[in-house]
1. Ignoring ligands, DNA and RNA, please state the percent of accessible area on the chain from carbon and sulfur, probe 1.4 Å.
2. Using every pair of alpha-carbon atoms in region 45-131, split the distances into 5 Å bins beginning at 0 and state the percent of pairs per bin, rounded to integers.
3. VAL79 to ARG5: extension gain in nm, 0.36 nm per residue of separation minus the Cα-Cα distance?
4. List the relative contact order of the chain as a percent without decimals, with contacts defined as Cα pairs under 8 Å and 6+ residues apart.
5. Which value, in debye to the nearest 20, gives the size of the charge dipole of the chain about its Cα centre, when Lys and Arg are +1 and Asp and Glu are -1 at the Cβ?
6. Find how much the distance from LEU54 to HIS35 grows on full extension, using 0.36 nm per residue of separation minus their present alpha carbon separation; answer in nm with one decimal.
7. Of the options GLY112, ALA89, PRO64, report the single residue whose Cα projects farthest towards the positive end of the charge dipole of the chain (beta-carbon charges: Lys, Arg +1; Asp, Glu -1).
8. Calculate the FRET efficiency for ALA69 and TRP114 from the Cβ-Cβ distance with a Förster distance of 41 Å, rounded to the nearest 0.05.
Amino acid sequence: MDSFRWIAVALSMILGLGVTRLLSAVVAVFRSRHHAQLDWVPLVWTGCIFLWQLQYWWAIIELPGLIKAWTLRSFLMLVSLTLLLFVSAALVLPPSELGEEVSLRTSFERDGRWALVSLSTYFGLALVTDWLLWSLSPFSLSGAMLVLLILLPLGFVWSRSRPVQEAITILYVPLSIWAALELSPASY
């Protein structure tokens with residue numbers, strides 16, 4: 001249990017920085033509302049990333065029961081997952097207020113969509129981590145959910161059609177909520 005505390009602190013520090021970055025960016029976008037054109041799509045993706053940050057933070061609590069002996073490999077895998085969530089949070093919205101006549105949509109298309117690549121990579125690594133650390137089959141229900149969580153953001157990034165991007169965004173919300181509830185322990 002003692003080594004877990006140190007590992008939990010490292011993961012929580014990175015997650016806390018990511019949550020701080022995400023919430024600060026939301027405030028900056030809110031302050032930009034009077035002079036910049038806002039867009040609901042990046043804000044919905046921001047909400048999904050925030051959900052996954054909270055889900056991961058919640059799931060960290062169960063690690064002492066799942067991992068009896070910590071190895072460098074298991075630690076690096078978990079830190080990598082945490083860093084990918086941080087990168088997603090850091091890229092999804094601009095870090096400061098939008099300038100005059102700047103659109104949140106343009107900013108998201110330029111930089112924010114890379115947050116979705118990071119989010120897909122997070123779920124790809126989660127699939128591998130589940131398999132290597134906990135022997136969960138990639139062909140299980142949780143594996144299938146993770147595959148969808150990998151493919152939808154990539155489909156968004158590859159698509160240049162706004163209606164397709166909006167449809168993927170709308171589809172991703174209930175999938176994220178369902179998967180986060182399904183993959184999270186209900187209580188400790």
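1. Whole-percent figure for carbon plus sulfur exposure: 70.
2. Each 5 Å bin holds this share of Cα pairs: 3, 13, 22, 21, 14, 10, 7, 5, 3, 1, 1.
3. Details: separation 74, 0.36 × 74 = 26.64 nm, distance 1.41 nm.
Result: 25.2 nm gained on full extension.
4. In percent, rounded to a whole number, it is 27.
5. Using only the charged Cβ atoms, the result is roughly 140 debye.
6. 3.7 nm
7. Result: PRO64.
8. Efficiency for this residue pair is about 0.70.
The values are calculated or read from the model by the stated rules, or taken from the named source; none is laboratory data. Computed from a predicted model, the values in this text were never measured in an experiment. Virtual Cβ from ideal backbone geometry, glycine too; neighbours counted across all protein chains shown. Quick note on the areas: whole protein, heavy atoms, side chains included, nothing else; ligands and nucleic acids left out. Shrake-Rupley method; radii C 1.70, N 1.55, O 1.52, S 1.80 Å.
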